[in-house]
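Peer 1: Submitted below is the structure of interest, expressed as structure tokens.
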């Protein structure tokens with residue numbers, strides 16, 4: 001458990017490592033998805049191409065979009081892009097840097113899917129089995145079938161159980177041919193992607209290192225600033241809630257004192273913290289009324305400052321003029337610690 | 001737990017160890033890739049050579065490029081090579097040392113792939129089955145040249161119909177596999193001897209310059225890491241100050257607009273500090289709106305002086 005927590009903390013502390021971790025997980029997920037997917041070629045002339053190319057191209061598109069959705073920084077990018085300028089200028093190179101780094105990470109899982117699909121060969125075999133060169137690989141001149149008949153026979157190549165064109169072209173020969181083409185395409189695709197990645201990574205220090213350092217610093221800064229602001233707001237909300245609730249309880253206990261004309265019971269000097277924490281509510285009826293009041297009429301989101309400790313309590317609080325009038329159950333606007 | 005943490009920290013601190021780790025992982029990945037790859041020779045005269053040699057050489061190029069990409073030191077080396085000299089001279093020996101160590105590590109996975117391919121034999125059988133001299137074989141006596149080529153091309157595909165009746169395909173396979181494995185073992189032997197000699201003879205020649213180069217290349221690496229960490233720390237402090245400044249300026253604005261007397265209450269000072277004078281739903285809404293519509297300028301010089 002500790003080990004897991006340490007690994008988690010390591011990834012969390014470094015934002016880029018965390019994103020790389022998600023990227024790797026998605027790449028693994030895409031290979032798992034492919035091996036779990038039950039590929040079923042329809043073995044019909046026009047459907048084969050649509051099915052094969054669909055399986056080759058639609059899941060990568062979905063994985064690409066998913067890569068953007070799972071990236072926390074997308075909302076940060078959108079916010080930075082759309083915010084009004086205000087007192088802080090906007091730097092387009094920072095936005096470009098953020099977008100490029102997100103797009104690069106989102107491209108990995110789709111590239112893995114396409115390579116695995118091509119190296120496996122089933123998709124291309126299904127999609128292009130009707131385009132096999134029968135003249136070179138089989139006996140086209142031998143048979144007297146029409147073009148449509150030939151297409152229908154060739155379309156059944158991926159489905160060995162129903163293939164009936166052994167005289168036209170041997171099933172194994174056609175499958176081997178198509179698979180060879182598919183694997184060649186797959187390796188070329190992987191080589192191309194790797195070369196592109198290598199060029200992108202190695203040409204950057206040669207050309208724009210200073211601008212890159214600047215963009216990276218400010219994009220980190222925007223991320224950290226947003227997190228710190230959220231933390232500060234959460235802290236503020238916690239204090240706000242604490243004071244609001246305290247004032248609610250104090251208000252309740254003051255109300256009850258006023259209603260019953262009891263003298264406020266001073267907590268005895270040696271009562272300690274526990275008595276203070278009771279906030280003046282010390283019996284079942286009062287507590288029930290407090291709970292009911294909390295549900296029926298929550299206090300307004302407005303904290304009144306505590307009055308001065310001297311006897312001269314001043315009337316009226318320092319309310320900013322923009323405060324809307326909210327119906328309040330407590331009528332006392334001030335109270336004094338007597 | 002402590003042991004794990006120590007190991008983790010050791011690997012992290014020493015960037016050479018990290019690079020060695022990545023290099024080993026890439027070598028294992030190349031073996032795994034080979035075993036999971038479904039090799040299927042096309043068994044057609046012109047395609048065999050292209051397929052066989054392609055499978056033998058293209059993945060090593062990919063693994064080599066991956067080894068360069070995944071190695072953090074290659075970026076550091078490129079930056080050091082391309083930076084303007086400024087007030088710090090550039091030492092070409094250091095750059096050469098870094099380059100050679102990067103290349104050595106990146107070559108391990110491709111070599112593992114090539115050796116595994118040769119020892120397995122399928123690639124060479126597929127690529128060169130058409131180049132075997134048919135006169136040495138028994139079953140090809142009364143066959144024309146074109147048909148011989150086609151038959152030889154089908155040798156790697158054992159379950160082809162034509163091959164089932166022909167017993168010579170086993171002889172061809174064995175012959176080619178023997179050559180392939182001999183080549184594989186020879187390459188392995190030569191490389192290990194070369195590595196052994198390089199490691200043993202190097203201290204005899206250039207030990208002093210080597211120590212210097214290694215020290216300074218380590219230094220450049222560590223300096224880069226610490227610079228990035230310092231930038232992160234700095235941006236965190238900058239953001240902290242910027243946000244505090246923003247809250248204070250909101251507080252001042254509220255004080256200006258409201259008519260409250262200054263509060264002198266001693267109680268709840270801790271909470272008041274955290275509330276920063278913002279005690280109202282409207283004030284909070286205004287603060288959040290201001291944060292979006294008018295972010296504060298990136299200038300904390302005033303806040304810093306307070």
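The values are calculated or read from the model by the stated rules, or taken from the named source; none is laboratory data. Just so we're clear, the structure is a prediction, and the values are computed from it rather than from any experiment. Cβ coordinates were reconstructed from backbone atoms using ideal geometry, including for glycine residues, and neighbour counts include every protein chain displayed.
Peer 1: Can you give me the number of residues within the range B:248-273 that are within 7 Å of chain A (Cβ to nearest Cβ) and at pLDDT 70 or above?
Peer 2: The total comes to 2.
Peer 1: Which residues, taken from the range A:141-167, are surrounded by 14 or more Cβ atoms within 10 Å (Cβ to Cβ), at pLDDT 85 or above and either over 30 Å from residue B:37 (Cβ atoms) or out of contact with any helix residue (DSSP H, G or I) (no Cβ under 7 Å at 6 or more places or on another chain) (or both)? Even if it seems obvious, please write down each step before you answer.
Peer 2: Narrowing the range A:141-167 to residues surrounded by 14 or more Cβ atoms within 10 Å (Cβ to Cβ): A:143, A:145, A:150-159, A:163, A:165.
Add one more test, that the residue is at pLDDT 85 or above, and what stays is A:150-159, A:163.
Selection gives A:150, A:151, A:152, A:153, A:159.
Peer 1: On to the next question. For residues that are under 19 Å from residue B:43 (Cβ atoms) and outside any helix (DSSP H, G or I), tally how many sit in the range A:128-166.
Peer 2: 9
Peer 1: Helices (runs of 4 or more DSSP H) wholly in the range A:50-127 with at least 3 residues that are under 16 Å from the mean Cα position of the chain (by Cα) and more than 12 Å from every other protein chain (Cβ to nearest Cβ) - which ones?
Peer 2: Working: elements: A:73-82, A:92-106, A:108-120.
Qualifying helices (runs of 4 or more DSSP H): A:73-82, A:92-106.
Peer 1: Let me ask something else about it. Would a scan of the range B:66-87 turn up a residue that is in a helix (DSSP H, G or I), under 16 Å from residue A:187 (Cα atoms) and touching a helix residue (DSSP H, G or I) at 6+ places or on another chain (Cβ under 9 Å)? It would help to see each step written out before you state the result.
Peer 2: Of all residues in the range B:66-87, those in a helix (DSSP H, G or I) come to B:66-70, B:72-82.
Then keep just the ones that are under 16 Å from residue A:187 (Cα atoms); that gives B:66.
So of that shortlist, the ones also touching a helix residue (DSSP H, G or I) at 6+ places or on another chain (Cβ under 9 Å) come out as B:66.
Checked the range B:66-87: at least one residue is in a helix (DSSP H, G or I), under 16 Å from residue A:187 (Cα atoms) and touching a helix residue (DSSP H, G or I) at 6+ places or on another chain (Cβ under 9 Å).
Peer 1: Hey, could you check the range B:88-101 for residues that are part of a helix (DSSP H, G or I) and touching a residue at least 12 places away in the same chain (Cβ under 8 Å) and say which is farthest from the other protein chains (Cβ to nearest Cβ)?
Peer 2: Among them, the one singled out is B:93.
Peer 1: Against the definition (loosely packed, with under 15 Cβ neighbours inside 10 Å, part of a helix (DSSP H, G or I), modelled with pLDDT of 85 or more and not assigned by the TED database to the domain that holds residue B:44), how does residue B:226 come out, yes or no? Walk me through how you get there before you give the answer.
Peer 2: Working: loosely packed, with under 15 Cβ neighbours inside 10 Å: yes; part of a helix (DSSP H, G or I): yes; modelled with pLDDT of 85 or more: yes; not assigned by the TED database to the domain that holds residue B:44: yes.
In short, yes.
Peer 1: Taking the conditions exactly as written (crowded, with 19+ Cβ neighbours inside 10 Å and at pLDDT below 90), does residue B:71 satisfy them or not?
Peer 2: On the way: crowded, with 19+ Cβ neighbours inside 10 Å: yes; at pLDDT below 90: yes.
Against the criterion (crowded, with 19+ Cβ neighbours inside 10 Å and at pLDDT below 90), residue B:71 qualifies.
Peer 1: Considering only the range B:54-64, I want to know if a residue exists there that is touching a residue at least 40 places away in the same chain (Cβ under 8 Å), more than 10 Å from chain A (Cβ to nearest Cβ), outside any helix (DSSP H, G or I) and touching a helix residue (DSSP H, G or I) at 6+ places or on another chain (Cβ under 6 Å).
Peer 2: no
Peer 1: Can you give me the ranges of the helices (runs of 4 or more DSSP H) entirely in the range A:199-314 with at least 2 residues that are within 8 Å of another protein chain (Cβ to nearest Cβ) and modelled with pLDDT of 85 or more?
Peer 2: Passing ranges, in order: A:209-260.
Peer 1: When residue B:201 is evaluated against the numbered criteria (1) in contact (Cβ under 8 Å) with a residue 12 or more places away in the chain; (2) in the same structural domain as residue B:107 (by the TED database), which criterion, by number, is the only one it fails?
Peer 2: Here residue B:201 clears every test but (1).
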